[in-house]
Structures are given as structure tokens and as C-alpha cells.
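Down below is the structure, laid out as C-alpha cells.
The values are calculated or read from the model by the stated rules, or taken from the named source; none is laboratory data. What you see is a predicted model; the values in this text were computed from it and never measured. Note that each Cβ is placed from the backbone with ideal geometry, even for glycine, and that neighbours are counted across all protein chains shown. Heads up: the accessible areas ignore ligands, DNA and RNA and are worked out on the full protein's heavy atoms, side chains in. Shrake-Rupley method; radii C 1.70, N 1.55, O 1.52, S 1.80 Å.
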Amino acid sequence: MTAELHTLTGAYALDAVPAEEAAAFERHLRGCPACGQEVRELRETAARLGRGLATAPPPRLREATLTRVAHTRQWPPSLARRGGVVKTRVALWGAAAAAVGALVFGLVTTTTDPAQQQLASVNAVLTAPDAATVKGAERGTTTVVTSRSQGKIVVLAGELPPLAAGKAYQVWLIGAGGVHSAGLLAPDGPHRTQPVLAELPGGIDRVGITAEPAGGSSAPTVPAVVMVNLS
């Protein structure tokens, strides 16, 4: 059971764990500093992604919500009288909440913003039932989360050495089938980078990070700064 609890860091960081499992995981956290640090880093990453995607609500959201409430049927007077003023207020608040929820759901499900779609894909990997998390501790802190059911891999890297001018960090997926580029690590503040999301080819057993020319390379040109063994 303890081994299984180690895999819940991503889902727990996003509050996607059922209450019973969350309680068991919180007991596990009290005796597992590694998982505690991983949860903190994943939450920090999720917060940074959220801040980067934050947008102001549409100007007509309030008007549209009030209009929706006005046309939402309330409980009949006979039911409202049984519960008195409290039940009436509950009905009104429920209608308002339903209207807001419908409007927000419409906004979310119809978005074509690539950044929001990217965030949704990252969250899907972190909260997947088969999400496997591996942490590397050499030259910075790098966390790799894989999900075979999603067919994706997420690489979270922090505290990497400063880069020389004209250089960028590139992520490589390494296995029996060769070396595949997962993309460049985009800066996100001092010593931090944005998560890299990539397809997960079969047979990948290592993730490496190298310092390549700013535009990236077709294959690694220098030794890896970080190498994480997934097995």
C-alpha cells in the first residue's frame, strides 16, 4: 500500500483524490519528506500555470447571469411556505449558482485557447489513475510524471544551472528506440521553467536534459545536465 501511495502526489496536489484516500495519503505524508516536497512543487507548478492563464471575466457575464436567474423557475409557493424564508432563500441561491455554473461551463468547454488546452492536458497526466512519478535530484530538482493511459509525459524542472547566452535547455526521451526530443524548457522566472508536455513513445526508460543552442537540436550535442531513470 505504501508503494501505491507514492503515486498519488500529482492527484493529491490538484485535490483530485477521494476523501478516504486523501486521509490515508496525508498520514503517509507525515512520514515521507520526499512525497511532501513533491506535492509542494507540483502545487507551485499548478499555481504558476493558473496565474499564467488567468483572464478577466467577459464584460457581460454579470448581466447574462442575472438574466438567466430571472428566467430560471423557482420552487412553487406551496413548497416555499413549508420551509419558510430559509427554504425560499436556498431556492434563490440554488438557481443563481446553477445559472453561473452553466455559463462558466459553457465558457470552459468552448475555449480554443491553446494555453488552457495545454493546462488541461498537463492536469490529465498528473491526475491519471496510472500516473507514475519519478524524481531526479542531480543538479536541480526534476520531476517526471508519466501516464501510459494518456500516452503522455510531463517534465517539471527547477533550479537548473544558469545558461550561457544563446543556449536553451532541451528535454530528451531516451529508450531502446533511440532518443526523441520532448521540446525546450521555456523560462518561468529565475531558476524556474514551464512544464514540458510530450507524447510518450513506447520503451522510454530515461529522461535527459541538455543545454543546446537556443533553437534546439535534432539530437543531443553535449552531455546531459540531468538524467532521470524511469525504471
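Round to a whole number: what % of the accessible area of the range 141-214 belongs to carbon and sulfur, probe 1.4 Å?
Roughly 56 percent of what the probe reaches on the range 141-214 is carbon or sulfur.
Quick one: length gained pulling Ala132 to Asp188 fully straight, 0.36 nm per residue minus the C-alpha distance?
17.7 nm
Give me the log10 of I(q) over I(0) for the range 145-231 at q = 0.20, 0.26 Å⁻¹, as the Debye formula computes it from C-alpha points; what are the numbers?
Scattering profile of the range 145-231, log10 relative to I(0): -0.90, -1.45.
What residues qualify as long-range amide H neighbours of Leu200, i.e. H under 5 Å apart, gap of 5 or more or another chain, H built at 1.01 Å from N?
Long-range HN contacts for Leu200: Lys152, Ile153.
Quickly work out the Gln116-to-Glu44 label distance, labels modelled 7 Å from Cα along the C-beta direction, and quote it in nm with one decimal.
2.8
Stretch Ala16-Ala219 to full length: gain in nm at 0.36 nm per residue minus the Cα-Cα span?
69.4 nm
Need one number for the range 177-220: average projected area of the convex hull over its C-alpha atoms, nm².
The number I arrive at for the range 177-220 is 3.6 nm².
What list of ³J(HN,Hα) couplings, whole Hz, do you get for the range 29-36 from phi and the Karplus terms 6.51, -1.76, 1.60, once you set θ to phi - 60° and write x for glycine and proline?
Listing the rounded values in order: 4, 4, x, 9, x, 4, 5, x Hz.
From the phi angles alone, apply the Karplus equation (6.51, -1.76, 1.60; θ = phi - 60°) to the range 194-205 and give each ³J(HN,Hα) in whole Hz, x where the residue is Gly or Pro.
In residue order, the calculated couplings are 6, x, 9, 10, 8, 5, 10, x, x, x, 6, 10 Hz.
Report relative contact order for the range 161-201 in percent, whole number only (criteria: Cα-Cα under 8 Å, sequence separation at least 6).
Once normalised by length, the contact order is 30 percent.
Ala34 to Ser149: FRET efficiency via 1/(1 + (r/R0)^6), r the Cβ-Cβ distance, R0 25 Å, to the nearest 0.05?
0.55
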